[in-house]
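The values are calculated or read from the model by the stated rules, or taken from the named source; none is laboratory data. The model shown is predicted, which means the values in this text are computed figures rather than measured ones. Heads up, the Cβs are rebuilt from the backbone with ideal geometry, glycines too, and the neighbour counts pull from every protein chain shown. Quick note on the areas: whole protein, heavy atoms, side chains included, nothing else; ligands and nucleic acids left out. Shrake-Rupley method; radii C 1.70, N 1.55, O 1.52, S 1.80 Å.
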Amino acid sequence: MTATALDPPATALPTLPEVLRLRSRTQPDDVAYVFLHNGETPAQTLTYRQLDDAARARAAALDPAGLRG
């Protein structure tokens, strides 16, 4: 794929962890995910803060094994 003048520079695109961290700071108590029981009934929710905390905990557990990035 060839870049055009309309394409943003690659450095301008945030990563998923960066977006999640921003949402965790600006919308910490907003619902990020709703888990559905049997695909229909809301069973559990995760806020942006909870999702960010869980992702960071998993990343910290993987880091000592050299699984970074």
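See the values below:
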{"item": "Dipole of the stretch 15-69 [Lys/Arg +1, Asp/Glu -1 at C-beta], most positive-end residue of 45, 22, 34", "result": "22"}
{"item": "Potential lengthening between residue 61 and residue 12 on full extension [0.36 nm per residue; Cα-Cα distance subtracted]", "result": "14.8 nm"}
{"item": "Accessible heavy-atom area order of 18, 40, highest first, probe of 1.4 Å", "result": "40, 18"}
